[in-house]
Amino acid sequence: MPWIAACSADDIDTEDLIRWDHAGRSYAIYRSPDDDYFCTDGFCTHEAIHLADGLVMDYVVECPKHNGQFDYRSGEAVRLPACKNLNTWQTRVENGQVEILID
Amino acid sequence: MSHTNRDYALLGRDARLAEEIGLVSAQWYHTDLPRKVMKELMTRSDQPAIRDTIILFSVMIASAGAGIWLWPSWWSAPFWLIYGVLYASAMDSRWHECGHGTAFKTRWMNDAVYQVACFCMMRNPVTWRWSHTRHHTDTIIVGHDPEIIAMRPAVVARLILNFFGIFELWGNAKTTLQLIAGYMPETTKSFVPEPERKRAFLIARIWAVIYLGVAALAFWMQSILPFMVVGLPILFGSWHMVMTGYMQHLGLAENVLDHRLNSRTVYVNPISRFIYWNMNFHVEHHMFPMVPYHALPRMHELVKHDMPPAHPSILSAYREIIPTLIRQFKNPDWFVKRELPASAQPYRAEYHGDLEPGAPTPGIAGYDAQARPVAAE
Ligand code: FES
């Protein structure tokens, strides 16, 4: 399972997220208020809307379409209409690069 | 001629067709805005909604109090009219904004006002949350949007009776009774997921207890006064909700994927803005539903270069709506396609922006110019 460099740590503002596409799959990479990094699948589990246009508040990301919400650390769906959890992916920061462990 | 050749049924023919041609759960046009600006606009705050909620509930209590005090004199009527509009129209916009979860920053505040507003409107908080979710996914997509309020051609009597809350009260009371009995129609099930349905039944039953209490009080007092406070305001206070609600989409395009073509932004007076909680910026709301009501005027300023010009008044909007509804009796495919300013991104074919008024609407099978000749436009 390789670690893949996704972006520079500075590419993401604190309490924000960006979209990252890799090998035909789309992800969302988050920088938390404490400057920790997390990664989930990019698309909401309610409908095929990308979370990259959503809002990060603390450890929750709001889907920009219907405000389904997820805890991006665990992927847990915490507000309807999102009912299904998001997949999460392990992250680390190496030499200023955010890396994602892709299986 | 008042028959319709469109099939608005949620599980009907045009629902299937819309799905087949990719109109369902589709990608929609968005005006480009820098991420920083979007984040700033989406930022939540409790303060504006707390202020507005205090004003709203204070005026409701004062007007209902005056109405009760002066009852049964006709002098109580103006107070009931004020109370009614707040109960049945302002609560509609509170239902709406709190349903989106954007009015307040604090979640329990959104949820609490949402529940109160649902009770006033007699809208089940579960079924209506999901119906509105669908309205945002498939805005004015025939057969998928459960919140299309005027079919083509329109049923005029219904549009008029809506001002008196007749269908709102009748429809919501009927739904509540069905839910109390543990029944949910298949069409509603099409947008309410299974695990959610039990909660819809439970809330309807809690309401039943409250309404029984109001009825017992009315019986004991031998007066309809308790129902003037709970329930009946839907009949005499819905008119503002209907007046503003008709401006949202009526006369505009169906089955397109660009909110600039199917939604309308209208400048309204400050009192209506308070009652309607800024939903007069309706194109903006649909394009960016996570922007709270209090940020919509700012958003409007930032995107208006990419929008058809806002209507300057309610009257101006109705000057567009009424002739269009009349024209749709002859040709249900007629709609208003508003001009974009030179600064705007043009309507694009991939969002069905090439649809022209009077041309057959994509995803509508029933329109058959051969079978029913259309008057020359
Ligand atoms: S698409 Fe994400 S909540 Fe609906």
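The values are calculated or read from the model by the stated rules, or taken from the named source; none is laboratory data. This is a predicted model, so every value here is computed, not measured. With ideal geometry, Cβ positions are generated from the backbone for all residues, glycine too; neighbour counts draw on all protein chains shown.
Only a single item in (1) within 11 Å of another protein chain (Cβ to nearest Cβ); (2) in a helix (DSSP H, G or I) is not met by B:Ile61, and it is number (1). Here's a check for you: in segment B:92-108, which residue that is more than 13 Å from the chain's Cα centre (by Cα) and assigned to a helix (DSSP H, G or I) is modelled with the lowest pLDDT? The selected residue is B:Arg107. Tell me, which residue of segment A:43-80 that is crowded, with 21+ Cβ neighbours inside 10 Å, part of a loop (DSSP other than H, G, I, E, B) and within 12 Å of the chain's Cα centre (by Cα) is farthest from the ligand (Cβ to nearest atom)? Per the criteria, the residue is A:Tyr72. For segment B:66-82, the condition holds for at least one residue, the condition being that it is in contact with a Phe, Trp or Tyr (Cβ under 6 Å, 6 or more places away or on another chain) and surrounded by fewer than 21 Cβ atoms within 10 Å (Cβ to Cβ). One residue is enough: does segment B:162-174 have a residue meeting the conditions away from every other protein chain (no Cβ under 14 Å), surrounded by fewer than 20 Cβ atoms within 10 Å (Cβ to Cβ) and under 20 Å from B:Gly251 (Cα atoms)? Taking every residue of segment B:162-174 in turn, at least one turns out to be away from every other protein chain (no Cβ under 14 Å), surrounded by fewer than 20 Cβ atoms within 10 Å (Cβ to Cβ) and under 20 Å from B:Gly251 (Cα atoms). For beta carbons closer than 7 Å, sequence separation of 6+ or different chains, a first residue in segment B:191-204 that is within 12 Å of another protein chain (Cβ to nearest Cβ) and a second that is surrounded by fewer than 18 Cβ atoms within 10 Å (Cβ to Cβ) and among the hydrophobic types (A, V, I, L, M, F, W, C), the qualifying pairs are B:Pro193/A:Cys83. Of the residues making up segment B:292-308, just one is under 17 Å from the mean Cα position of the chain (by Cα) and either more than 16 Å from B:Thr102 (Cα to Cα) or within 12 Å of chain A (Cβ to nearest Cβ) (or both), namely B:Pro292. Annotation note: of B:Tyr29, B:Tyr83, the sole residue that is away from chain A (no Cβ under 12 Å), out of contact with any strand residue (DSSP E or B) (no Cβ under 7 Å at 6 or more places or on another chain), modelled with pLDDT of 95 or more and not in a helix (DSSP H, G or I) is B:Tyr29. Within segment A:56-65, the set of residues being at the interface with chain B (Cβ under 9 Å from one of its Cβ atoms) and farther than 15 Å from A:Ala77 by Cβ comprises A:Val56, A:Met57, A:Pro64. Only residues that are closer than 19 Å to B:Gly237 by Cβ and outside any helix (DSSP H, G or I) were counted across segment B:110-128, and they come to 2.
Residues that are assigned to a strand (DSSP E or B) and free of Cβ contacts under 8 Å to residues at least 40 places away in the same chain within segment A:8-35 comprise A:Ile18, A:Arg19, A:Asp21, A:Arg25, A:Ser26, A:Arg31, listed in sequence order. Screening the candidates B:Met247, B:Met151 for the property of being out of contact with any Ser or Thr (no Cβ under 7 Å at 6 or more places or on another chain) and either part of a helix (DSSP H, G or I) or not charged (D, E, K, R) (or both) yields one hit, B:Met247.
Out of everything in segment A:21-55 that is among the hydrophobic types (A, V, I, L, M, F, W, C) and more than 27 Å from B:Thr133 (Cα to Cα), what residue ends up being nearest to the other protein chains (Cβ to nearest Cβ)? The selected residue is A:Phe38. Is segment A:40-52 home to any residue that is aromatic (Phe, Trp, Tyr) and at pLDDT 95 or above? Looking through segment A:40-52, at least one residue is aromatic (Phe, Trp, Tyr) and at pLDDT 95 or above.
Pairing each residue of segment B:119-138 that is more than 14 Å from every other protein chain (Cβ to nearest Cβ) and of a type outside the set (Ser, Thr, Tyr) with any residue that is surrounded by fewer than 23 Cβ atoms within 10 Å (Cβ to Cβ) and not in a helix (DSSP H, G or I), provided the two are 6+ apart or on different chains, yields C-beta distances under 9 Å for B:Phe119/B:Val230; B:Cys120/B:Val230; B:Met122/B:Gly231.
Step by step: first the residues of segment B:32-58, then only those that are within 14 Å of another protein chain (Cβ to nearest Cβ) and among the hydrophobic types (A, V, I, L, M, F, W, C), then the one that is nearest to A:Val60 (Cα to Cα). Which residue is that? My answer is B:Met42.
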